[in-house]
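Please read the structure below before turning to the comments.
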Amino acid sequence: MKKIFLFFIIYFSIFTHAQESAFVISNKQVLWQRVYESSKTIAEVKDILLSTGKIKFTGEDTHILNGEISDFIMDFKGAGFTSMGTPIYLKNSSKFFGNFKIEFKEGKYRVTATNIKLKGDSLSIFSGGIGFTSSGDDNLESYALTNDREFFKSAFDGRASRIVNYSFAQLFDVSKYSKHDDNW
């Protein structure tokens with residue numbers, strides 16, 4: 001009986017943790033997704049996000065905006081962490097790229113970021129006359145998912161996922177940006 005009880009506690013704790021996360025595995029890729037409450041129009045959201053300089057729009061439909069993230073640096077300090085213990089790929093030397101889709105409904109919009117990649121510093125290691133070189137280009141799946149790409153790594157579930165989630169949440173939250181009034 002104790003084993004069954006323990007099994008249910010572990011199962012439900014994992015299930016509720018997965019429900020709180022903004023990350024989803026779809027077709028062996030990591031997706032980040034979040035819903036924001038907003039009374040702003042599609043045009044207003046587009047103008048505000050364009051003013052950040054970190055994204056550009058590549059397509060537009062009636063209720064959907066598509067675009068690309070470029071040269072985005074994760075904000076580990078804003079997420080409440082120090083450089084010590086923060087994974088190297090989330091520090092200031094790595095720039096993130098990816099695609100996003102913003103879907104609009106009455107009073108809210110949902111952002112989905114896909115194809116998240118990073119470009120860090122190149123690395124060269126030489127030992128005993130043998131050299132290994134890395135260009136620094138990688139995708140988030142190699143850090144976040146297990147080798148079979150079916151589950152999240154435990155190392156990603158903690159600090160790393162909170163830093164990425166915070167950074168993307170801040171990037172797409174139009175309520176935190178104030179539109180400058182040129183008419184003074």
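For ALA43, work out the one condition from (1) at pLDDT 90 or above; (2) not in a helix (DSSP H, G or I) it doesn't fulfil.
Here ALA43 meets the rest and fails (2).
Out of (1) closer than 13 Å to ALA113 by Cβ; (2) open to solvent by less than 80 Å² (accessible area, probe 1.4 Å); (3) not in a helix (DSSP H, G or I), the odd one out for ARG34 is which?
Exception for ARG34: condition (2).
Listed here are the residues, each with its yes/no results for (1) more than 10 Å from the chain's Cα centre (by Cα); (2) modelled with pLDDT of 90 or more.
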position: PHE104; (1), (2): yes, yes
position: GLY107; (1), (2): yes, yes
position: SER124; (1), (2): yes, no
position: GLY129; (1), (2): yes, no
position: PHE151; (1), (2): yes, yes
position: ASP157; (1), (2): yes, no
position: ILE163; (1), (2): no, yes
position: ALA169; (1), (2): no, yes
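Yes/no matrix, rows are residues, columns are (1) touching a Gly at 6+ places or on another chain (Cβ under 8 Å); (2) over 16 Å from VAL164 (Cβ atoms); (3) at pLDDT 90 or above:
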residue: LYS3; (1), (2), (3): no, yes, no
residue: PHE23; (1), (2), (3): no, no, yes
residue: ARG34; (1), (2), (3): no, no, yes
residue: ILE69; (1), (2), (3): yes, no, yes
residue: GLY78; (1), (2), (3): no, no, yes
residue: SER94; (1), (2), (3): yes, no, no
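Can we say GLU60 is under 24 Å from TYR177 (Cβ atoms) and at pLDDT 90 or above?
no
Quick check on my filter: what residues within the stretch 47-77 are in contact (Cβ under 8 Å) with a residue 12 or more places away in the chain, under 22 Å from LEU31 (Cβ atoms), part of a loop (DSSP other than H, G, I, E, B) and open to solvent by 30 Å² or more (accessible area, probe 1.4 Å)?
The answer is THR52, LYS54, HIS63, ILE73, ASP75.
The values are calculated or read from the model by the stated rules, or taken from the named source; none is laboratory data. Bear in mind the structure is a predicted one, so any value in this text is a computation, not a measurement. Please note: Cβ atoms are built from the backbone with ideal geometry, for glycine as well, and neighbour counts cover all protein chains shown. Accessible surface areas use protein heavy atoms only, side chains included; no ligands, DNA or RNA. Shrake-Rupley method; radii C 1.70, N 1.55, O 1.52, S 1.80 Å.
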